[in-house]
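The values are calculated or read from the model by the stated rules, or taken from the named source; none is laboratory data. Note that this is a predicted model, so its numbers are computed, not measured. Note that we place each Cβ from the backbone using ideal geometry, even for glycine, and neighbour counts take in every protein chain shown. In case anyone asks, the SASA skips ligands and DNA or RNA and just uses the protein heavy atoms, side chains included. Shrake-Rupley method; radii C 1.70, N 1.55, O 1.52, S 1.80 Å.
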Amino acid sequence: MTPAARYGAAIEILDAINTGTPAEQQLTRWARGARYAGSKDRAAVRDIVFDVLRRRASSAFLGGGDTGRALVLGLLRGQGADLDAVFTGQGHGPSPLDPSEDVSSALADAPRDVQLDLPEWVLSALDADHGDDATGIAQALRDRAPVGLRANLRHGTQEDLTTTLKALGHNSIPHDAAPGALVLPSGTRGLHLTEAYLSGLFELQDPGSQGLVARCPAQPNTRILDYCAGGGGKALALADAYDLDITAHDADPKRMKDLPERARRAGVSVQIAEQVPSDAQFDGIICDVPCSGSGAWRRAPEARWRSTPEQLETLCATQAQIVDDCVPMLAPGGWLAYMTCSLFAAENADQAAAILARHPHLSTEATWSTTPLNGTDGFYLHVFRAAS
Ligand SMILES: C[S@@+](CC[C@H](N)C(=O)[O-])C[C@H]1O[C@@H](n2cnc3c(N)ncnc32)[C@H](O)[C@@H]1O
């Protein structure tokens, strides 16, 4: 595909997304029908679509509308790109621009929420929760995220992995959020197909996510419950760091389907429990609760536009319930790590304060958080300790 044809495809896909089809679904549908598109074309079209979704409000402002064409036009204007090289009208490229598509305003004339590509209510919450950092965080959410890796330290050091990746043509940089964390530039692809990955040398995981686990006060040979295990990112990181008796649970067990294979590849052991007996006791419990995901909105760019204050309220109620379900399973003197990939205090510090108020036998052992300003996704951790 020519570069212009890739933009043409992105315009069609964005028009379909505008009718309510989720972006992933529409990208898959397009790729199935576009046999002529190679893997590089598919990746490039996906990047354009996701770039637009991350910058949807500013692209609509600069493109003079919210059709697929206007959004792509606005994105390119914002990037200062050569518009005539894209709107060529040749092959499958978009038709040439019409004078009616000229927009005289600069982005600096737009309201702040438009400039920062966030719904107004989200920006107000970030301002309230992050003060002077809010603008920088919002700006970071407009860009692609770097690729994060976790070296499986049972297979080698962070330095060993850096050397292996270098031999594969990838320059990785250590990240100080966790002992095995590395980052590579956004857009690094195909790592999961390398022998290094298949033989268990690393997992794909944001350094911030690794930082949460690195701060859990696990002691060797203790019983740990990962109550919202999902794909097992936290359980696997913990199992790599210590010899533990780890039980992984999720309300939707299908989400754990890849966990046994990932554990096998990493050379660690994690037991799967579809049900956890209510009288079970654990020395440590991880509550990696379902949340707005606002800390990771660079990776799921549609989510910011679909999120609502009402959804946030429902999520907060679920988070509180999950912790309340877990607290009775905490052995005397045990720890509970409440964690989110959210930037909102409502899901983070406010929840922690409410948990302490509801469960007076818990105290705060540690807290930690990170935002995209640190080169990670946004995460929050609150470690509680039960009285012995
Ligand atoms: C943030 S994700 C977990 C990500 C995972 N820990 C990881 O690191 O890959 C939250 C998970 O909570 C699960 N969940 C939602 N409600 C739950 C509940 N009431 N009890 C247990 N798990 C729940 C969801 O199915 C989802 O997999």
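Counting helices only, and only those DSSP H runs with n ≥ 4, report the 222 nm mean residue ellipticity of the chain as the sum of -39,500 (n - 2.57) divided by its residues, in deg cm²/dmol to the nearest 500. Walk me through the intermediate numbers first.
Details: 16 runs with 157 residues, N = 388.
Helix contribution divided over all residues of the chain: -12000 deg cm²/dmol.
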ask   = Mind listing the phi-derived Karplus ³J(HN,Hα) values for the stretch 220-232, rounded to whole Hz, using 6.51, -1.76 and 1.60 with θ = phi - 60°, and x for any glycine or proline?
value = x, 6, 10, 8, 10, 10, 9, 6, 10, 6, x, x, x
request  = Calculate, in nm to one decimal, what Ala43 and Ser388 gain on full extension: separation in residues at 0.36 nm each, minus their alpha carbon distance.
outcome  = 118.9 nm
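Is the C-alpha gyration tensor of the stretch 98-148 telling us rounded, prolate or oblate? Criteria: a/c under 1.5 is rounded; beyond that, a/b larger than b/c is prolate, otherwise oblate. Show your work: numbers first, answer last.
On the way: a/c = 3.08, a/b = 1.61, b/c = 1.91.
It is oblate, given that a/c is not under 1.5 and a/b is not larger than b/c.
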remark   = Rounded to the nearest whole number, the Stokes-Einstein translational diffusion coefficient of the stretch 90-186 at 37 °C and 0.692 mPa s (Kirkwood radius, C-alpha pairs) in µm²/s is 186
ask   = Can you give the Rg and Dmax of the stretch 209-306 based on its C-alpha atoms, in angstrom?
value = 14.0, 44
note = On each of the three principal axes the extent of the alpha-carbon atoms of the stretch 181-247, given in whole Å and largest first, is 37, 23, 20
task = Could you work out the per residue convex hull volume over the alpha carbons of the stretch 208-386, in cubic angstrom?
result = 114
request  = Collect residues whose amide H, placed 1.01 Å from N in the peptide plane, falls under 5 Å from the amide H of Asp143; neighbours closer than 5 in sequence don't count.
outcome  = none
request  = Would you mind estimating how fast the stretch 116-244 diffuses translationally, via Stokes-Einstein at 4 °C and 1.567 mPa s with the Kirkwood radius over Cα pairs, in µm²/s?
outcome  = 79
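Considering only protein heavy atoms, what per residue accessible area in square angstrom results for the stretch 323-388 with a 1.4 angstrom probe? Can you show the working numbers first?
Values: 2240 Å² over 66 residues.
Here the residues of the stretch 323-388 average 34 Å² of exposed surface.
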request  = May I ask which residue of Cys216, Gly169, Ala303 lies farthest towards the positive end of the charge dipole of the chain, with charges of +1 (Lys, Arg) and -1 (Asp, Glu) on Cβ and the Cα centre as origin?
outcome  = Gly169
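May I have the count of lysine pairs in the chain with C-alpha atoms under 27 Å apart, counting pairs 8 or more residues apart or located on different chains?
For the chain, the number of qualifying lysine pairs is 4.
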ask   = For the stretch 134-194, what is the largest minus smallest coordinate of the Cα atoms on each principal axis, given in angstrom and ordered from greatest to least?
value = 40, 23, 16
ask   = When the chain is fully extended, how far beyond the present Cα-Cα distance does Lys254 get from Arg144, taking 0.36 nm per residue of separation?
value = 36.7 nm
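Order Ser95, Ser278 by their accessible area, 1.4 angstrom probe, all chains in place, largest first. Please list the in-between numbers first.
Values: Ser95 60, Ser278 105 Å².
Of Ser95, Ser278, the descending order of accessible area is Ser278, Ser95.
Leaving out ligands, DNA and RNA, what percent of the accessible area of the chain is carbon and sulfur, probe 1.4 Å?
Values: 8810 of 17140 Å².
Carbon-and-sulfur percentage of accessible area, whole number: 51.
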inquiry  = Going by amide H atoms built from the backbone, whose H comes under 5 Å of the H on Glu365, apart from near neighbours?
reply    = Val383, Phe384, Arg385
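Taking square-rooted eigenvalues a ≥ b ≥ c of the alpha carbon gyration tensor, is the stretch 26-177 rounded, prolate or oblate, where a/c under 1.5 means rounded and, failing that, a/b exceeding b/c means prolate?
On the way: a/c = 2.60, a/b = 1.29, b/c = 2.01.
Because a/c hits 1.5 or more and a/b fails to exceed b/c, the stretch 26-177 counts as oblate.
If the chain were replaced by its equivalent ellipsoid, with semi-axes equal to the square roots of 5 times the Cα gyration tensor eigenvalues, what would those be, largest first, whole Å? Could the numbers behind the result be given before it?
Details: eigenvalues 321, 127, 63 Å².
Semi-axis lengths for the chain are 40, 25, 18 Å.
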task = Grab every C-alpha pair in the stretch 3-96, bin the distances at 10 angstrom width from 0 up to the longest one, and report whole percents.
result = 18, 54, 27, 1
